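FYI, it's all coordinate maths here, none of it is from the lab. As the structure is a computational prediction, the values presented were derived from the model and not from experiment. As a convention, Cβ positions derive from the backbone with ideal geometry for all residues, glycine included, and neighbour counts pool all protein chains shown.
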Amino acid sequence: MRITDFLVADAINVDLKATNKKDVLAELLAPLAKAGKIADAKKMVDVLLEREELGSTGIGGRIAIPHGKAAQVKELSASFGLSRAGLAFDALDGEPVNLFIALVAPEGSAGLHLKALARISSLLKDKAFKKALMAAQTREDVLQLIESEEKDKG
C-alpha cells in the first residue's frame with residue numbers, strides 16, 4: 001500500500017491557517033469534499049472530533065493523524081496539511097502539531113483503514129523525512145517527498 005494511492009493531491013496544503021483543532025479538521029476535510037471523496041465535510045469534522053474524544057490522534061513529534069470511518073466516505077482518502085506555526089492538538093507529548101495527515105475511510109473498511117494508518121506512521125517515523133516535509137514550500141514538494149520516500153522504503 002502506498003500513501004500516494006489514497007492521498008488526494010488537491011488536498012495538500014502547505015500553509016494551514018487554522019489555530020484550533022476543529023478549524024484545522026475543517027481545513028483538512030474541505031478539499032476532500034470538493035474532490036468528491038466525502039459527502040459532507042462538516043459532518044466528517046464531527047466524526048473526527050468524536051474520534052479525538054477517545055484519545056488524541058496527535059501522536060507526538062509534531063505529528064497528528066486524525067482519522068475516522070463514515071458511511072459518507074466514498075473511498076479511502078487522505079489530505080495533508082502543514083501548519084508552519086504549529087497548533088495545540090492535545091498531542092501525547094504536549095507539543096504543538098505542525099504536520100497533519102487526515103485519513104478517512106468508508107464504514108466496514110477497518111482492515112484497509114488500519115493498514116493505511118500503519119503506513120503513514122511508519123513513514124513519519126523517519127526524522128529526515130519529517131524535517132523535509134516541514135520545509136516543503138509547495139504541494140508538488142510534498143508529493144515528490146512522499147513518492148521518493150515510498151520508493152526508498154518499498
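Give the lysines whose C-alpha is closer than 30 Å to that of LYS22, dropping any in the same chain fewer than 8 places away, or say none. Correct list for LYS22: LYS34, LYS37, LYS42, LYS43, LYS69, LYS74, LYS115, LYS125, LYS127, LYS130, LYS131.
Among the trypsin sites (Lys or Arg not before Pro) within segment 7-36, those in coil by DSSP and having at most 14 neighbouring Cβ atoms inside 10 Å are LYS17.
Only Lys, Arg, Asp and Glu carry charge here, each on its Cβ (+1 for the first two, -1 for the last two); on that basis the chain has a dipole of about 120 debye about its Cα centre.
From the alpha carbon centroid of segment 4-31 to that of segment 120-145 is 15 Å. Over the chain, the hull volume per residue, using the convex hull of the C-alpha atoms, is 95 Å³.
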